[in-house]
Amino acid sequence: VSGILMADPRIVDDPQAIPEVTYDELRELSYSGAQVLHEDSIFPV
């Protein structure tokens with residue numbers, strides 16, 4: 001995966017990529033229902 005986009009490319013033409021994202025932000029995205037990742041996949045080992 002080259003990155004996380006700001007919008008669904010199936011809906012928005014040419015969405016921009018998010019340049020940086022933290023684990024906390026990824027956790028919030030997954031809890032909010034973002035389907036780009038599974039919430040269990042972001043917890044550090």
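Figures for the structure shown
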item	result
Ellipticity estimate at 222 nm from DSSP helix runs (n ≥ 4, -39,500 (n - 2.57)) divided over the chain, nearest 500	-5500 deg cm²/dmol
Extension gain from Val12 to Val36, taking 0.36 nm per residue of separation minus the Cα-Cα distance	7.1 nm
Viscosity 1.306 mPa s, 10 °C: Kirkwood-radius Stokes-Einstein D of the chain over Cα pairs, µm²/s	139 µm²/s
Exposure proxy ranking, count of Cβ atoms within 10 Å, fewest first, for Ser30, Ser2, Ser41	Ser2, Ser41, Ser30
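None of the figures in this text is laboratory data; all of them are computed from the coordinates on show. Since the model is a prediction, treat every value here as computed from it, not as a measurement. FYI the Cβ positions are ideal-geometry reconstructions off the backbone, even for glycines, and counts take in every protein chain you see.
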